1. Which one of Asp206, Asp168 is within 23 Å of Gln30 (Cα to Cα) and touching a residue at least 60 places away in the same chain (Cβ under 8 Å)?
2. Only one residue in Ile156, Ile187 is open to solvent by less than 30 Å² (accessible area, probe 1.4 Å), in contact with a helix residue (DSSP H, G or I) (Cβ under 8 Å, 6 or more places away or on another chain) and not in a helix (DSSP H, G or I), so which one is that?
3. What do you reckon, is Ile197 assigned to a helix (DSSP H, G or I), buried (at least 17 other Cβ atoms within 10 Å of the Cβ), of a type outside the set (S, T, N, Q) and touching a strand residue (DSSP E or B) at 6+ places or on another chain (Cβ under 8 Å)?
4. Taking Tyr64 and the conditions (1) among the aromatic types (Phe, Trp, Tyr); (2) surrounded by 15 or more Cβ atoms within 10 Å (Cβ to Cβ); (3) out of contact with any Asp or Glu (no Cβ under 9 Å at 6 or more places or on another chain), which numbered condition does it fall short on, given that it satisfies the others?
5. Among the residues of the range 217-230, what is the count of those that are under 20 Å from the mean Cα position of the chain (by Cα) and either within 27 Å of Asn148 (Cβ to Cβ) or surrounded by 11 or more Cβ atoms within 10 Å (Cβ to Cβ) (or both)?
6. Restricting to the range 235-260, and then to whatever is among the small types (Gly, Ala, Ser) and either at pLDDT 90 or above or open to solvent by 80 Å² or more (accessible area, probe 1.4 Å) (or both), can you tell me which residue is nearest to the chain's Cα centre (by Cα)?
7. Looking only at the range 217-239, count how many residues are out of contact with any Asp or Glu (no Cβ under 6 Å at 6 or more places or on another chain), assigned to a loop (DSSP other than H, G, I, E, B) and in contact (Cβ under 8 Å) with a residue 12 or more places away in the chain.
8. Determine whether Ala137 is buried (at least 16 other Cβ atoms within 10 Å of the Cβ), touching a residue at least 40 places away in the same chain (Cβ under 8 Å), of a type in the set (Gly, Ala, Ser) and in contact with a Ser or Thr (Cβ under 9 Å, 6 or more places away or on another chain).
Amino acid sequence: LTKKENKTFWEPIIQRQTGSIPLRVYFDYQAFTHQSFGGVSRYFAEIINRLPHYNISPILGIQYSNNAHLQTVYKDILPEIDINQEFIPKWKNKHLKTLLFKCLSHMSVSHFPYPKYANRHHCSKQIQESQFDMLHATYFDTYVLNANRSNKPLVITIHDMIDEVMHDGHSTPRRKAILAKQSTHIIAVSNHTKKDIMQLLHTEEDKISVVYHGCSIMPTTPAETPILPTRYILYVGGRERTYKNFRMFLQAMSIVLSSEKIKIVCVGTPFTSEEKDYIQKLNLQKDISTIYAKEDQ
């Protein structure tokens, strides 16, 4: 698109939205397969939940998901198969079971619905059928470019450029750059992210709209109050990926706790065996705990 065409990208969408026929926006599976809960998937769940109020009809292309935020929007999404329990349960090696299930899924995705492959197959078919007006990819898998044969407007949201700025990861930055170049329009969640996109991906400014996050969390009194230490540092966020720097956080806190009477409370899943070993290595096992906090808590 030329700069002039980019400037008028939203005009036909607004005209369609204000008319009697709802605009149909297709959201694919990616964010809801990559996350059980988290910021990106919540962002899309919130948007999908509210679009009907603006005469916009969201279409969600997904069959299987364990995403907690999606459960507030769609009740009939099938839960992901528990490969460890349901697929050759006598096998103890989960890694080998997963690899085998992936291989079988490539041959027959209907009989072996590995979530990522099953949902991608489902979305590819629906996108090719083109029963929508605009496609909003929820992450950066480039399969949408091949599936979008009718060349419907493609929008992506970029939440940050952490991988690119910190030179972390390989496939995500490469795919993000491809989609940013091929997309019709980009939503950035802040002016800083917009600046990073322009600088690192060489994207024209007119192609990017800054749309800030809203918030639906209202202050309430929790039904149950978790038992917490008197003084503590709260860690919120995923621990499995390196860019959150959980291990570096623990290293720093091991120094702090040597002179301060304070505890560490992590919100989320229980510690893995690897995390427990590292915590023990830093002699923090008596000073750290995990809780699963509900939203009101």
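The values are calculated or read from the model by the stated rules, or taken from the named source; none is laboratory data. Please read all numbers here as calculations on a predicted model, not as lab measurements. Cβ atoms come from the backbone with ideal geometry, glycine included; neighbour counts cover every protein chain shown. Heads up: the accessible areas ignore ligands, DNA and RNA and are worked out on the full protein's heavy atoms, side chains in. Shrake-Rupley method; radii C 1.70, N 1.55, O 1.52, S 1.80 Å.
1. It is Asp168.
2. Ile156
3. Yes, satisfied.
4. (3) is the only condition that Tyr64 fails.
5. 0
6. So, considering only residues that are among the small types (Gly, Ala, Ser) and either at pLDDT 90 or above or open to solvent by 80 Å² or more (accessible area, probe 1.4 Å) (or both), the one nearest to the chain's Cα centre (by Cα) is Ala252.
7. So the answer is 12.
8. Answer is yes for this residue.
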